[in-house]
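Asker: Below are the C-alpha cells for one structure; questions will follow.
The values are calculated or read from the model by the stated rules, or taken from the named source; none is laboratory data. What you see is a predicted model; the values in this text were computed from it and never measured. Reconstructed Cβ throughout: ideal geometry from the backbone, glycine too, with neighbour counts over all protein chains shown. When the accessible area is computed, the model is the full protein with side chains, heavy atoms only, and any ligands, DNA or RNA have been set aside. Shrake-Rupley method; radii C 1.70, N 1.55, O 1.52, S 1.80 Å.
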Amino acid sequence: MINNINKMAFFIALFVCGILPRISFGQNILNATDLSQIKVEKLSANDLKQIRAELDKNNTTLDAIEPALMAKGMSPTNYSLLKAKLQNDAPKTNVDIGSQIELKPIELNAEPIVNPKEFSSKIFGSEIFTNPALSFEPNSNMATPINYILGAGDELQIVIYGIQEFATQTVVSKEGKISIPNVGQFVVSGMSLEATNSLIKNACSKVFSTIRSGQSNLSVTLTRIRTIKVTIIGAKKSGNYSISSLSTVFNALYMAGGPDDNGSYRNIELIRDNKVYKKIDVYKFLISGDQADNIGLKDNDIIRIPVYTCRVSIEGEVKKPGIFELIPGENFNDLTKYFSGFSESAYLSTIKLVQNTDKDLRIIDLRKDEYQNYQPKSGDVFKVGIILNRFENRISIKGAVFRPDDYSFTPGVTLLDLINKADGLKEDAFKNSAQITRLKPDFSKEILRIDLNKVLSGDTSNNIKLQKEDEVLIFSLFDFKDDLSIQVGGEVRKPGLYPYVTNLTLFDLIIQAGGFSEGASKKIEISRVIKKDEVVKDQKEIATIISIEISDMQNESNKNILLEPHDVIQIRRKPIYELQKTVSVIGQIEFPGNYTLAT
C-alpha cells in the first residue's frame, strides 16, 4: 500500500509540475494558476477526451490529483462537475444507495515498516497487524449503511427519473451544505443518509410536481465518501492518517502496524473531543471474535497506545507459547485462555516459574491448586514440563496367551486374574512353569517361578498377587523345539527350504516344490545327516548320500520314501538336455538378426 501511495504522490507532482501544462483544451484551466473562476460546464467533448487520455497514459485517476486541483483554487462543485462530465462521457455503471465504493486509505507523515515479521513476533496479538491477509480495510463491496452520517467532503448524486428527468452531483461543503440547482441549499452535515434522502425528496417535490404525484422517482446516491483525519500515538508507525470515514479502530491500528514493542494490546484509548471515549482490548477479538471495541472513527479522533503494565512469557508444553499481556486482576487461569491451554503431554502437577527480584532471579513451583489464586507479575516466565515416559499402573503378560499386552494394575489383582484378562492360555502353553519379572525396592529385577498347573487347579499359594510393573511370561511348547526343515534343489520348479513334518515323503516334497522341471533326470540324491551320540574312531563322514533312480513318480514305492529332518535333496539334470543358444548379428549384412547355434 505504501508503494501505491508513493506512486500516487508522484503522479500528483507530475500533474502539478509537468503533465497539466501539456493538456490543451478550452480555457486551459488545469494550467492556470488560479482555478477559482473556471467554468467547467463549458468544456467540450474533445477537451474531456484529452483529459481522460492523459489520465490513462499516466495510470492515475482524477481522484488522485484532487488535492492538486483544490490547492489551485478549484471549488468542490466544479471538481464534482468535472468528475461527472468525465464519468458521463465514458461507459460506467450506475451506483445507488448502498453502492460499491472503492476506498484506499491515504496515510500521511508515516514511514513504512521495515521487516514486519521481526516486530515482536512472539507477542500474542502482534500477528494480526503484520499479516497481509488481515487488513481490516473497510469493505468496499458492502452496502453503505443508511445510518451513515454525512460530513464535509461526501459527494451525493441526485437523480430524478420518470415523467420528469433531472440529475446533478453535489459535494457537502465545509459549512455542511449541499446545493441543488433550482431547488436550494440545505444543511446535511451530521444527518444520516436516510434522513438526507427524505429531506431532498421533500424539497424536490415542491419543484417537481411529478414527484408528489408519483409519476417520477428520486434517487440519492453516495458516490464518494469523505476522508477523515486521525492521529495514532504509540504505534509502530505513529502519525497522522487520512482514511475513509467508514474506517474502524482496527483498520487504523493495522495501517499503523499495531502497537510498538512496548505498546499495550489491552488498554488502547480512543480519545474523542479531548476525552477517553473508549478503551480497546484487542484480546477480546483474538480470543472470542468479539468486535464490540472495533467501533467507527470520526474526524480528529486520537488513538493512543500506552505502554504495557504486565507481560509474562510461557514456554514448553502449551498450545501457543509466547509473550502475553495481562491486566490487573487476571490470574493464571485467565492466562491459560490466551495460550489456548496445555498440550496433551504437559506435566500439570507443578509448573516451574522463573521470577525477577530486585537483585536476581528466583524459582517458584506453582502447584495446580494455586492456578486460580496466583496473579502473575510482569516478567514472569512459566515453563511447562512434559510428563514422564512411564506408567503408574501397568502390568504386562507375554507368550502363550490369546491377548498378550499391557494391562492396568489394580491392588489385589492376581496372576490368574491377569491370565483371564488376556483371554486365557493357548493350547500350546507350557503349564509346568511360568516366570514373573518383578522390580525390587532398589529397582533391580528378580524372577519368580510359578507352577501354572497349581495356579489353574486353585492353589492360592501359587496364584500370587501381582505388583505394579510385573511382567508375566507364559512359555509355549514350541519354544522347546527346533524349527526343522528340508532343502530341495536342482530341476524342480520351486527349489528352496521347506518345513519338516512327521511322515513327510519324497513324493510330498516334490509336489510342494511344484514338480519336476522339463530337464529333470530320473536320478535323485538325498544327503542325510549321520546321527551319533559319541565320537566314532576313524569316522570322518558327517552325512550319507542316498542315490535313487525313479521311472515314475506316481509309483507307490516312491510315495513311501520317508524323509528325515535336515535332508538335502538334489534333482539332477538330463546329461543331454540343453536349450538352444542364439547369437545376434547386426551391421552391413543382407539379413541381420538373431541366429540359433546348431552345435
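Asker: Look at the range 233-242 and say how many of its residues are farther than 17 Å from ASN131 by Cβ and either buried (at least 23 other Cβ atoms within 10 Å of the Cβ) or free of Cβ contacts under 8 Å to residues at least 40 places away in the same chain (or both).
Answerer: Number of matching residues: 1.
Asker: Could you list, in sequence order, all residues of the range 42-59 that are touching a Leu at 6+ places or on another chain (Cβ under 9 Å) and modelled with pLDDT of 70 or more?
Answerer: LEU43, LEU48, ILE51, ARG52, GLU54, LEU55
Asker: Moving on to the next point. For the range 154-170, enumerate the residues that are out of contact with any helix residue (DSSP H, G or I) (no Cβ under 8 Å at 6 or more places or on another chain), part of a loop (DSSP other than H, G, I, E, B) and either modelled with pLDDT of 90 or more or surrounded by fewer than 18 Cβ atoms within 10 Å (Cβ to Cβ) (or both).
Answerer: Selection gives GLU165 alone.
Asker: Please name all residue pairs, on different chains or six or more residues apart, with Cβ atoms under 6 Å, provided the first residue is in the range 509-530 and is over 17 Å from GLU549 (Cα atoms) and the second residue is assigned to a loop (DSSP other than H, G, I, E, B) and basic (Lys, Arg).
Answerer: These pairs meet every condition: ALA513/LYS494; GLY514/ARG493; GLY514/LYS494.
Asker: Being in contact (Cβ under 8 Å) with a residue 24 or more places away in the chain, out of contact with any Gly (no Cβ under 8 Å at 6 or more places or on another chain) and not in a strand (DSSP E or B) is the filter here, so list the residues in the range 367-387 that pass it.
Answerer: GLU370, TYR371, GLN372, ASN373, TYR374, PRO376, LYS377, SER378, GLY379, ASP380, ILE387 - these are the residues of the range 367-387 that are in contact (Cβ under 8 Å) with a residue 24 or more places away in the chain, out of contact with any Gly (no Cβ under 8 Å at 6 or more places or on another chain) and not in a strand (DSSP E or B).
Asker: For the range 408-421, indicate whether the set of residues that are more than 16 Å from PHE478 (Cβ to Cβ) and assigned to a strand (DSSP E or B) is non-empty.
Answerer: Yes - at least one qualifying residue is present in the range 408-421.
Asker: Sort out which residues of the range 380-393 are surrounded by 11 or more Cβ atoms within 10 Å (Cβ to Cβ) and within 30 Å of the chain's Cα centre (by Cα), and write them in order of number.
Answerer: The answer is ASP380, VAL381, PHE382, LYS383, VAL384, GLY385, ILE386, ILE387.
Asker: In the range 227-240, is there at least one residue being touching a Leu at 6+ places or on another chain (Cβ under 9 Å) and more than 30 Å from SER126 (Cα to Cα)?
Answerer: Within the range 227-240, none of the residues are touching a Leu at 6+ places or on another chain (Cβ under 9 Å) and more than 30 Å from SER126 (Cα to Cα).
Asker: Which residues, counting only those in the range 303-328, are among the hydrophobic types (A, V, I, L, M, F, W, C) and under 18 Å from ASP281 (Cβ atoms)? Full working, then the answer.
Answerer: From the range 303-328, those among the hydrophobic types (A, V, I, L, M, F, W, C) are 303, 305, 307, 310, 312, 314, 318, 323-324, 326-327; that's our starting set.
Listed by number, the residues that qualify are ILE303, ILE305, VAL307, CYS310, VAL312, ILE323, PHE324, LEU326, ILE327.
Asker: Quick test of your reading of the structure: ALA434 fulfils all but one of (1) within 16 Å of ASN463 (Cα to Cα); (2) in a strand (DSSP E or B); (3) open to solvent by 70 Å² or more (accessible area, probe 1.4 Å). Name the failing condition by number.
Answerer: (3)
Asker: Can you tell which of GLU549, GLU518 is modelled with pLDDT under 85, open to solvent by 70 Å² or more (accessible area, probe 1.4 Å) and out of contact with any strand residue (DSSP E or B) (no Cβ under 6 Å at 6 or more places or on another chain)?
Answerer: GLU518
Asker: Continuing with this model, one more query. Output yes when any residue across the range 171-192 is surrounded by 15 or more Cβ atoms within 10 Å (Cβ to Cβ), assigned to a helix (DSSP H, G or I) and under 55 Å from the mean Cα position of the chain (by Cα), and no when none is.
Answerer: no
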